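Right, one structure below, let's go through it.
The values are calculated or read from the model by the stated rules, or taken from the named source; none is laboratory data. Predicted, not measured: the structure shown is a model, and the values here were computed from it. All Cβ positions, glycine included, derive from the backbone under ideal geometry; neighbour counts span all protein chains shown. With ligands, DNA and RNA removed, areas are computed over all heavy atoms of the protein, side chains included. Shrake-Rupley method; radii C 1.70, N 1.55, O 1.52, S 1.80 Å.
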Amino acid sequence: MTLLPEPVWPVIVLAVIVFGDGLLTFRPPRAIAACLDGVGFPREWWWVLAVVKFLAAAGLVTGIWIPGLGAAAAAGLVVYFLCAAAAHLRARYVGRDFWLNCLGMLVVCIAVLVFCFL
C-alpha cells in the first residue's frame, strides 16, 4: 500500500468527475432528480450529497501531496457508492441509472483505489 497515489492521473480524473457530479447534484437536472426521487432520498437533503462530493474531490486532489488523504477520499467514495447501490436495491430502482451511473462510478472508484493506492 502506498500513501501517495502512483500514478497520479487517475486520481485527478476521478476528482474532476466527482467535482462535476457535485455541481450536477447541487442543482440536479431532471435525470438526476428522477434518480434521487426514485431511491426515495429526501429533497431537503440533496445539498448534502453535493457537499460530500466536493469534499471528496478536494480530498483526492489534496491527497496528491498529503500522505493518506487521497486513499481515504477514494475509500470514502467507494463507501458512498456502495450506500448508493444499497439505496437503489432497497427502493428497487434498478434501471439504467443504477447500472450505468451508480455501479459505473463504484467500479471507477474501486479501480482508482486499487490501481493508485494498493
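In whole percent, what relative contact order does the chain give with Cα contacts below 8 Å and a gap of six or more residues?
Once divided by the residue count of the chain, the mean separation gives 39 percent.
Any idea what the dipole of segment 8-117 comes to, in debye rounded to 20, about its Cα centre with Lys/Arg Cβ at +1 and Asp/Glu Cβ at -1? Show your work: numbers first, answer last.
Values: 7 positive and 4 negative charges, 40 e Å.
In debye, rounded to 20, segment 8-117 gives about 200.
So how far, in whole Å, is the C-alpha centre of segment 16-45 from the one of segment 68-106?
13
Using only the Cα atoms of segment 33-73, build the gyration tensor, take square roots of its eigenvalues as a ≥ b ≥ c, and label the shape rounded, prolate or oblate: rounded if a/c is under 1.5, else prolate if a/b is larger than b/c, else oblate.
Cα axes put segment 33-73 in the prolate bin.
Express the accessible area of the chain per residue in Å², computed with a 1.4 Å probe while the remaining protein chains stay in the model.
Details: 6770 Å² over 118 residues.
I get 57 Å² per residue for the chain.
Residue farthest toward the positive end of the dipole of segment 8-117, with Cβ of Lys/Arg at +1 and Asp/Glu at -1: which of Tyr93, Gly63, Val51?
Tyr93
If each DSSP helix of 4+ residues adds -39,500 (n - 2.57) and the sum is divided by the residues in the chain, what number results at 222 nm, nearest 500 deg cm²/dmol?
It comes out at -23000 deg cm²/dmol, rounded to the nearest 500.
Can you tell me the alpha carbon radius of gyration of segment 8-117 divided by the globular rule-of-thumb value 2.2 N^0.38 Å?
Normalised Rg, Cα atoms only: 1.04.
Any chance you could give the angle, 0 to 90 degrees and rounded to 10, that helix 46-62 forms with the longest Cα principal axis of the chain?
It works out to around 10 degrees.
How far is helix 9-26 tilted off the main Cα axis of the chain, in degrees rounded to 10, range 0 to 90?
The angle comes out near 30 degrees.
Over segment 8-117, with every protein chain in place, what whole percent of the accessible area is carbon and sulfur at 1.4 Å, could you tell me?
For segment 8-117, the apolar C and S fraction of the accessible surface comes to 76 percent.
Between Leu14, Leu100, Leu36, find the one with the highest GNM mean-square fluctuation for the chain; connect C-alpha pairs within less than 10 Å.
Leu100
For helix 103-117, what angle does its Cα long axis make with the longest principal axis of the chain, in degrees from 0 to 90 and rounded to 10?
The answer is roughly 10 degrees.
Name the residue from Gly76, Gly38, Phe115 whose Cα lies farthest towards the positive end of the charge dipole of the chain, charges +1 on Cβ of Lys and Arg and -1 on Cβ of Asp and Glu.
Of the options given, the answer is Gly38.
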